[in-house]
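Undergrad: For reference, the structure I am asking about is given below.
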Amino acid sequence: MNELIETEKDYVKKLGHVRVNYVCKMETLQGLPGGLVGKKNIIFSNIEKLYEFNKAVFLPKLQKLKQTPMQLGQVFIDHEEQLIDYSWYFKNMPAQEKLMNEVGAEYFAPIQLKLSDPFPLTESLVLPFQRMTRYSLFLERMIKCSDPATSGYDELKMAYKISNFVLHHGNNMLAVDCLNGFSGSLVEQGLIQHQGDLTVIENRFTSSVRRIFLFENLVIVAKKTTKDGAESFNFKDSYRTNELSLRENIDGHPTRFELLSKKKRTVMFQVTSQSITLISHSISTG
């Protein structure tokens, strides 16, 4: 636990350095190139919000757990909403990296030199992702070293799920932004739980690859297209999770399952076992 607390102190200190020396000064920096004008939110996203949360809330909570480390899971559960803010930062990282490569890295280099920063700003900008990864690994290690009968064990497992969800949620939201043709409101479908390519099997003989978007309240099936290296997804069909049931091991295949809808035709998919678990959980709780 001491290791987690000390590395958290260092993380907060580094974020604070970025905030004071870069974020707060960006609008007043001299010679700001045109490509960076008005782009502070792309370069830094919500890093200030993450800093304030970790400094004022998360670090003090961790410091209180020196003698009671098994309560760590409950801290993650209590602050799940704030931790999900990290996903928004992760979602922005591709745009951030692109802008830094095009303009930012060259512009900020002399500022880094003046500040005697040992690392370039580009490395500091990946700190939130590295930190969330560290949380996940630490929780996984705690779970392996803990007795399942110990108070707080179930909360540790839930915290581990939260950290993994946050790590993947940014990529999932990026993919949702590329979904075209859905006429409903995606906001009303709840959080995106999972997205990925699955094989749709028609009449048990023909098949096609489709992108599946698994929301809390809806499963969307889309066709992936690529143009000039950019992916997009064209809406094909949707199924409400509360109207679905799932039948696994179709025709003896452990990675095949059927979605049985009360209102639509049955659809067979072939996926990984992990995907089946995710979809099954969503349907059972939808």
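Undergrad: Which numbered condition in (1) touching a residue at least 24 places away in the same chain (Cβ under 8 Å); (2) within 27 Å of Gln96 (Cβ to Cβ) is the only one that Gly181 fails?
TA: Only one criterion in (1) touching a residue at least 24 places away in the same chain (Cβ under 8 Å); (2) within 27 Å of Gln96 (Cβ to Cβ) is unmet by Gly181, namely (2).
Undergrad: Among Gly190, Gly184, Gly196, Gly170, which is the only one that is at pLDDT below 95, touching a helix residue (DSSP H, G or I) at 6+ places or on another chain (Cβ under 6 Å), over 21 Å from Asp10 (Cα atoms) and not charged (D, E, K, R)?
TA: After applying the criteria, what remains is Gly170.
Undergrad: Just a yes or no: is a residue in the range 94-117 among the β-branched types (Val, Ile, Thr), open to solvent by less than 60 Å² (accessible area, probe 1.4 Å), assigned to a helix (DSSP H, G or I) and at pLDDT 95 or above?
TA: For the range 94-117, residues among the β-branched types (Val, Ile, Thr), open to solvent by less than 60 Å² (accessible area, probe 1.4 Å), assigned to a helix (DSSP H, G or I) and at pLDDT 95 or above: absent.
Undergrad: Within the range 195-210, identify whether any single residue is open to solvent by 50 Å² or more (accessible area, probe 1.4 Å) and of a type in the set (Ser, Thr, Tyr), and answer yes or no.
TA: Yes; the residues of the range 195-210 include at least one that is open to solvent by 50 Å² or more (accessible area, probe 1.4 Å) and of a type in the set (Ser, Thr, Tyr).
Undergrad: Ok, one more. Name the residue that is modelled with the lowest pLDDT, counting only residues in the range 236-274 that are open to solvent by 10 Å² or more (accessible area, probe 1.4 Å) and in a helix (DSSP H, G or I).
TA: Out of the qualifying residues, it is Ser273.
Undergrad: Phe182 passes all but one of (1) more than 11 Å from the chain's Cα centre (by Cα); (2) buried (at least 18 other Cβ atoms within 10 Å of the Cβ); (3) in a helix (DSSP H, G or I); which number fails?
TA: The number of the failed condition is (3).
Undergrad: Just give me the residues in the range 128-150 being hydroxyl-bearing (Ser, Thr, Tyr) and either open to solvent by less than 40 Å² (accessible area, probe 1.4 Å) or modelled with pLDDT of 95 or more (or both), in sequence order.
TA: Residues satisfying the conditions are Thr133, Tyr135, Ser136, Ser146.
Undergrad: Of the residues Met173, Met142, which single one is part of a helix (DSSP H, G or I), of a type in the set (A, V, I, L, M), more than 30 Å from Lys224 (Cα to Cα) and touching a residue at least 24 places away in the same chain (Cβ under 8 Å)?
TA: Met142
Okay, residues lined up against (1) within 18 Å of the chain's Cα centre (by Cα); (2) surrounded by fewer than 15 Cβ atoms within 10 Å (Cβ to Cβ); (3) not charged (D, E, K, R):
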| site | (1), (2), (3) |
| --- | --- |
| Leu15 | no, no, yes |
| Gly31 | no, yes, yes |
| Gly38 | no, yes, yes |
| Pro60 | no, yes, yes |
| His79 | yes, no, yes |
| Tyr86 | yes, no, yes |
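The values are calculated or read from the model by the stated rules, or taken from the named source; none is laboratory data. These numbers come from a predicted model, not from an experiment. Note that we place each Cβ from the backbone using ideal geometry, even for glycine, and neighbour counts take in every protein chain shown. When the accessible area is computed, the model is the full protein with side chains, heavy atoms only, and any ligands, DNA or RNA have been set aside. Shrake-Rupley method; radii C 1.70, N 1.55, O 1.52, S 1.80 Å.
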